[in-house]
1. Identify, please: which residue in region 158-181 is of a type in the set (D, E, K, R) and surrounded by fewer than 16 Cβ atoms within 10 Å (Cβ to Cβ) and is, among those, modelled with the lowest pLDDT?
2. Would you tally the residues in region 27-44 being closer than 19 Å to Met1 by Cβ and surrounded by 12 or more Cβ atoms within 10 Å (Cβ to Cβ)?
3. Determine, yes or no, whether Gly50 is under 20 Å from Gln146 (Cβ atoms) and touching a Ser or Thr at 6+ places or on another chain (Cβ under 7 Å).
4. Can you find, within region 117-161, the residue that is farthest from Leu53 (Cα to Cα) among those that are touching a strand residue (DSSP E or B) at 6+ places or on another chain (Cβ under 6 Å) and part of a loop (DSSP other than H, G, I, E, B)?
5. Name the residues in region 115-157 that are under 16 Å from Ser87 (Cα atoms), surrounded by 14 or more Cβ atoms within 10 Å (Cβ to Cβ) and either more than 16 Å from the chain's Cα centre (by Cα) or not assigned by TED's automatic domain parsing to the domain that holds Val100 (or both), would you?
6. Out of Lys34, Lys132, report the one residue that is of a type in the set (Lys, Arg), closer than 24 Å to Arg154 by Cβ and in contact (Cβ under 8 Å) with a residue 24 or more places away in the chain.
7. Take the conditions out of contact with any Lys or Arg (no Cβ under 8 Å at 6 or more places or on another chain), surrounded by 14 or more Cβ atoms within 10 Å (Cβ to Cβ) and within 30 Å of Gly136 (Cα to Cα) and apply them to Ile8. Does it pass?
Amino acid sequence: MPSLRNRIEAVLFVATEPVSVEQLCEATGEPERKVGAALRELRESLADRGIALREVGGGYRLHSHPDAREDVERYLLPPKTYMSPASLETLAIVAYLQPVTRAEIESIRGVNVDGVMGTLEERQLVRELGRKEVVGRPILYGTTTQFLESFGLRSIDELPPLPEDAPRRVNGQVIAFPQSERATAAIEQIHESIEGHEDEIHAKTDAKLDDSVADELKRAMNGSS
């Protein structure tokens, strides 16, 4: 009978998406401890080959080795296949602010994103997550497992941190930084109307603030960090 390492390699070879440790345990009938050891052994055995074992999207997959990337791309991709700056910018907004609506994306980019979003969906980099419970119930978008694989991420948590002046969520709403300056009176009005009442306002996402809503809005209006 093949070794556990080879059995796991066979499962990963036919898999069309990342396979979790739990799925490998179920497929092989072996405990997690042995599966983990076999995965480490498999990774070491592939060190000098054209195939690599990577942990992405909450599981494991076999990939072509990064050093062979240019050869693989020349073989697989048609000429001039690339992502435009508009596509990359839109994808970054979705990745960092998901779940996000098209209107929120357009409020940051300042242009219509229907065409770009269509392209990203065709490439299976973004997908529909549901509907936002507001008037009109717009579609919410987020990234896919294909996005994680394409950028070599195990989860969204591995995205590099945003700069202080980047768009973010405040109380579940997207605030595009920097915004034009407002009068001091307007800032004070925000403090008076919001400060002390944050607990009464429920965010629609899991986004969390380091400071009070009033302080976040004040920084947004000042265009500062």
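The values are calculated or read from the model by the stated rules, or taken from the named source; none is laboratory data. On a predicted model such as this, the values are computed, not experimentally measured, just so you know. All Cβ positions, even for glycine, are placed from backbone atoms using ideal geometry, and neighbour counts span all protein chains on display.
1. Restricting attention to region 158-181, the residues satisfying the condition of being of a type in the set (D, E, K, R) are 158, 164-165, 168-169, 181.
Next, from what is left, pick out any that are surrounded by fewer than 16 Cβ atoms within 10 Å (Cβ to Cβ): 158, 164-165, 181.
On the way: Glu158: 85, Glu164: 67, Asp165: 63, Glu181: 49.
Per the stated criteria, the residue is Glu181.
2. Result for region 27-44: 10.
3. Working: under 20 Å from Gln146 (Cβ atoms): no; touching a Ser or Thr at 6+ places or on another chain (Cβ under 7 Å): yes.
Criteria not met by Gly50.
4. Going through the qualifying residues, I end up with Arg137.
5. Within region 115-157, Val116, Thr119 meet the criteria.
6. Working: Lys132 fails: closer than 24 Å to Arg154 by Cβ.
Unique residue meeting the criteria: Lys34.
7. Values: out of contact with any Lys or Arg (no Cβ under 8 Å at 6 or more places or on another chain): yes; surrounded by 14 or more Cβ atoms within 10 Å (Cβ to Cβ): yes; within 30 Å of Gly136 (Cα to Cα): no.
Answer is no for this residue.
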